[in-house]
Amino acid sequence: SKDLGRNTFHYYNSSMNSDALERMQLLEDLRTALKDDELYVEYQPIVLLETGKIIGAEALVRWQHPKRGLIRPDIFIPLAEKSGLIVDIGAWVLERACRDISGLQSKYFPEFRVAVNVSTIQLKRDDFKKRVKKILADVPISPNSLELEITESELLSDSPEFDESVEQLKLMGISLAIDDFGTGYSNLGYVQKIKVAKLKIDRSFVHGIEGNSDNQAIVRAVHNIADGLIMNTVAEGVENAEELLFLKELGITHGQGYLWSRPVSIKSLIRLLQDAA
Ligand code: C2E
Ligand code: CA
Ligand code: CA
Ligand code: CA
C-alpha cells in the first residue's frame, strides 16, 4: 500500500542502544523535541470484529529526529518515563489526538472513538485530571469518545494520586483500558482495583494463535475474565485471517493490527474511513 514507505522505521543498532552516553544524548535531544516540533501522532484503526467496521483508532506517538531519522516509541518512551518528560509529552499527545479526532468527528464520523496511551507516571501526578479537563474544555470532543490506555512501566504501589486520577477520569465519562494485559506488571488485582472498561491483549499472545495452544488458552482465559467483569477485549497485533478467525471464535470483541492497517497519518485515516464507508 502507499502508506508502507513512510511507516518504515529506522532502527538503532544494538551497540548504540546499549551505550549509556548515546542514551544521554538522546535524552538531551528529547528535551527539546516537543518545542522543536519533532513529535507527531499516527493513528491505527480499531475494528469491531463482529461487523469488521472501524469504530476508532489508537494514537501512537512518533519522533522525527533531525539527524537520526524516525525513532521508535519503544526507544524514547522509556527514556521519557525515566526522566519525567512523559508528563509533558503525554499531555501533548492527548491534546493532539483530541484535536485531530474532533475534526474527524465534526466533518465525517461523529461516533468515532480515540484511544490514547497514558503512563502510570502521568496518572500519579495530582495535576493530571486538571490537564485533561483543560484539554476537554479547549477542544470540542465528547469525553465519551475518549479512551485512555494505561500502560504500566513499574509496579504500581499504593498511590492515592493514581486512585484519585482514575476516579476522576471515570466521573468525567472517559473510559479506561489496561494495555498489554498479561505482560509486565498488569495483573488481576489491578484489574479488580481500577475496574476498567477494556482489556487489550498483548500482541505476543495473538501472533500465530491459530497454531499455538498455549496462547489459545491464555487468550481464552483473558476473554473469560473480561466477560465475567463485563469488559470488552481488544486483540492487538492481528496480522492475518487465521488469527482473526480464531479470535472471533473465542469471542474477542475488538481487533487492531496490520491485517487492517498500520498506524497512519490523520489524513490517511480519514481517507481509509471514507473508502470503507
Ligand atoms: P502499544 O500501546 O502496545 O501499541 C501497539 C504497538 O504495536 C504499536 O507500536 C503498533 O505500531 C504495533 N502494532 C500494531 N499492529 C501490529 C501488528 O499487526 N503487528 C506488529 N508486529 N505490530 C503491530 P509502536 O507504535 O511502535 O508503539 C510501541 C509502544 O510505545 C506502544 O505499544 C506504547 O506502549 C508506546 N507508546 C506509543 N505512543 C505512546 C504515547 O503517546 N504515550 C505512551 N505512554 N506510550 C506510547
Ligand atoms: Ca496502547
Ligand atoms: Ca501492546
Ligand atoms: Ca506496549
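List of remarks:
- Protection proxy ranking of 134-146, 76-88, by the mean of other Cβ atoms within 10 Å over each peptide's residues and highest first, is 76-88, 134-146.
- Extended-chain gain in nm, criterion 0.36 nm per residue less alpha-carbon gap, Asp163 and Asp126: 12.3 nm
- Shape of the stretch 20-144, Cα gyration tensor, a/c cut at 1.5: prolate
- Charge tally for Pro66 (other residues, Cβ to Cβ under 12 Å; Lys, Arg +1; Asp, Glu -1): -2.
- The charge dipole of the chain, taken about its Cα centre with unit charges on the Cβ atoms of Lys, Arg (+1), Asp and Glu (-1) only, comes to about 800 debye.
- Positive end of the dipole of the chain (Cβ unit charges, origin at the Cα centre): among Leu169, Gly255, Ile230, the Cα lying farthest that way belongs to Leu169.
- With the charge dipole of the chain set up from +1 on Lys and Arg Cβ and -1 on Asp and Glu Cβ about the Cα centre, the Cα lying farthest toward the positive end among the listed residues Leu188, Pro160, Ile46 is that of Ile46.
- Under the simplified labelling scheme, the Arg23-Ser142 pair shows an inter-label distance of 4.5 nm, with each label point 7 Å from Cα along Cα→Cβ.
- Taking Lys and Arg as +1 and Asp and Glu as -1, the other residues whose beta-carbon sits under 11 Å from that of Gly208 total -4.
- Shape analysis of the chain based on the Cα gyration tensor places the equivalent ellipsoid semi-axes at 27, 23, 22 Å, largest first.
- D_trans [Stokes-Einstein, Kirkwood Rh over alpha-carbon pairs] for the stretch 82-143, 37 °C, 0.692 mPa s, µm² s⁻¹: 267
- Sorted into 5 angstrom bins from 0, the C-alpha pair distances of the stretch 136-277 split as 2, 9, 17, 19, 18, 16, 12, 6, 2, 0 percent.
The numbers here are math on the coordinates, done by the rules we state, and not lab data. Here the structure is a predicted model, which is why all the values come from computation and not from measurement. As a convention, Cβ positions derive from the backbone with ideal geometry for all residues, glycine included, and neighbour counts pool all protein chains shown.
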